[in-house]
Structure formats: structure tokens, C-alpha cells
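Read the structure below first, then the notes.
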Amino acid sequence: MNLFDLKGKRALITGGTHGLGMAMAEGLANAGAELIITGTTPAKMEEALNYYKGKGYTASGYLFDVTNELDAAKYFSIITKEIGDIHILVNNAGIIKRELAVSMPVSDFRKVIDVDLVGPFIMSQLVAKQMIERREGKIINICSMMSELGRNTVSAYAAAKGGLKMLTKNLATEWAKYNIQVNGIGPGYFATSQTEPIRVDGHPFNDFIINRTPAARWGNPDDLAGTVIFLASKASDFVNGQIIYVDGGILATIGKPSNE
Ligand code: GCO
Ligand code: CA
């Protein structure tokens, strides 16, 4: 028996139309899973589905906002009818606003909490109802370095991602007895569209990250595939409430001076 085999499993990845979500979806599909992707932009969805289908994966897409509990419930029941029960939920959809706390509009703070923390709660609650009945399920919350560390300008994001880490532990506490595993992945600094503005050549943050990361590079989105497959598969059936940081060693170290 292959512990990592996902054949016959359906995986729902929120925000699976680009970036890390897409890379994780691809990893799950390569392990045999059927993909159900959510997004909010029709053009991106079409592009993503063409990409997945071009690769030979079974994939379908649904456009809705995970922060709207009524829409999420409506689409979740459509998905269940059209495709079937969900075995694996990856709460990946997220946004960031980079503004100093002293001047960040409260509406921006709230928006980030809504997408990055309330959205995963809404989706987990929906999927848990059928997972509890089936006595089986995998929920994977995409956390961040900011689940553990702060940095200038990302107060809302850090508050949301720290919250998501604790939500992971709390849901694991409540649902482990139903054979549901709720774990998180904390990506380090990855080359995605989200980090594009701070990754450009010559931007001081680019050098800072390469210096701050023991592996001395940005993560490639496909660096996440192994961890997401592990947390989605039988291989992790007694792993619960954990956050696995895939960060090239960032959290292992205090860092070093820029001349080392
Ligand atoms: C930032 C980055 C991060 C990353 C990531 C780190 O501005 O610091 O965008 O927040 O996206 O989540 O783990
Ligand atoms: Ca990201």
C-alpha cells in the first residue's frame, strides 16, 4: 500500500487558480486526487482550468467568495451534488495589505482578517459536517511565517495568520475524535505574485530574504508539494494540530549580518 496515494480522493483548494494554491493543487493531482478549485476572478479560473486539464488532471472550478457564508454554503452544496463529497480541504485563499499599523485603515485590517481567518473557518465548518458523518477527512490551513513572527507593515496579516494557527489547533481538538486531521503548512518566503512587489531585483527586501533564509533562496511554489501530499494522505493519519513550516530554515535561526 502506498501511504501517499490520493487516488479516489477529492481535494478542494480555495484560491487554487494561481500561486501557491495552484502548485499545491498540482501536487495533490499528481498523487491522484481530483481537484475542485475556488476563485473569484473568472479569467484566472478559466486559465487555471485550462492549465490543469492540459496536464491531464480532473479539475473543476467554482467562483465564489469564501468570506460570504451564504454563498459558500450554496456553492458547497452545489459542489457536493455535482462532484461529490470532499475528502481534502486546503484553505489557501488569502490576501495581504502592507501598511504601517499606525495608519492602516481599519477597513483594510478587517478585510484581511475576513479573507485569511474567517474564510477558512467558514469553509472548514462546511466540510466538517460531511467529514464528521464519514468519520474521515483532511483539512490543511495555509499559515505563514507571520503565524510566528512579525514584520513592519503586515499587522493584519500576522494577526490573521497567527489566528489561523490557533484555529488549526482548536479544530483539531474538536474534530480529531471523528478521524479528521486538521493541520497547517507555514510557507516561508516564496516566489509568487503576492511577494512580487517585494522581490524585484534591487528591492532591499529581496536581499534581506535571501540573507535571512538559511537555504539562501526564495522558495519555489513546487517546494510545497511533498508537505501538502503528506498532510492530505494516510501517511499523516495520527498527525493533528501541527503546523509544518516549509521555510528553508527561517524559523530555525535568528539570522545573520549581511556580510556573512
Ligand atoms: C510579506 C510577505 C509574507 C509572505 C508569507 C511569509 O509581505 O512579508 O508577503 O507575508 O507572503 O506569508 O510566510
Ligand atoms: Ca503567499
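For segment 1-33, the set of trypsin sites (Lys or Arg not before Pro) satisfying both a DSSP loop assignment and a count of at most 13 other C-beta atoms within 10 Å is given as 7. Listed by chain and number, the aspartates and glutamates placed with their C-alpha closer than 17 angstrom to that of residue 44 are 26, 65; residues fewer than eight positions away on the same chain are left out.
In the structure shown, the pairs 9/81; 7/55; 55/138 are assessed against 19 Å; a Cα-Cα span above that value is assigned to 55/138.
Principal-axis analysis of the Cα atoms of the chain puts helix 42-54 at an angle of about 70° to the longest axis. Farthest towards the positive end of the charge dipole of segment 1-52, among the residues 17, 43, 28, is the Cα of 28, using unit charges on the Cβ of Lys, Arg, Asp and Glu. Here r is the Cβ-Cβ distance between residue 135 and residue 102 and R0 is 41 Å; the resulting FRET efficiency, rounded to 0.05, is 0.25.
Taking the highest mean first, how do the peptides 227-234, 164-171 order by number of other beta carbon atoms within 10 angstrom per residue?
Working: 227-234: 22.1, 164-171: 19.2.
Packing order, densest peptide first, comes out as 227-234, 164-171.
Within the same chain, aspartates and glutamates fewer than 8 places from residue 161 are excluded, and of the rest, those with a Cα less than 18 Å from its Cα are 99, 108, 114, 116, 148, 247.
Charges at C-beta only: +1 for Lys and Arg, -1 for Asp and Glu. How large is the resulting dipole of the chain about its Cα centre, in Debye rounded to 20?
Rounded to the nearest 20 debye, it is 400 debye.
Grab the alpha carbons of the chain, take their convex hull, and tell me the volume per residue in Å³.
Values: hull volume 35.3 nm³, N = 260.
Normalising the Cα hull of the chain by residue number yields 136 Å³.
Take the alpha carbon atoms of segment 168-203, find their center, do the same for segment 17-60, and report the distance between the two centers in whole angstrom. If you average the Cα positions of each part, the centres end up 18 Å apart. At a Förster radius of 30 Å, what calculated FRET efficiency corresponds to the Cβ-Cβ distance of residue 259 and residue 153, to the nearest 0.05? That pair, residue 259 with residue 153, gives E of 0.70. Each peptide in 11-17, 246-252, 121-127 receives the mean, over its residues, of other Cβ atoms within 10 Å, and ordering these scores from highest gives 11-17, 121-127, 246-252.
At an R0 of 41 angstrom, the distance between the Cβ atoms of residue 70 and residue 211 translates into a FRET efficiency of 0.30. Selection among 227, 213, 139 by position relative to the dipole of segment 131-250 gives 139 as farthest towards the positive end (Cβ unit charges, Cα centre). Residues whose amide H falls under 5 Å from that of residue 243, counting only those 5 or more places apart or on a different chain, are 184, with hydrogens built in the peptide plane.
Computed from the coordinates by the stated procedures, all read-outs in this text should not be read as laboratory data. Since this is a predicted model, take the numbers as computed values, not measurements. Positions of Cβ are backbone-derived with ideal geometry, glycine not excepted, and every protein chain shown enters the neighbour counts.
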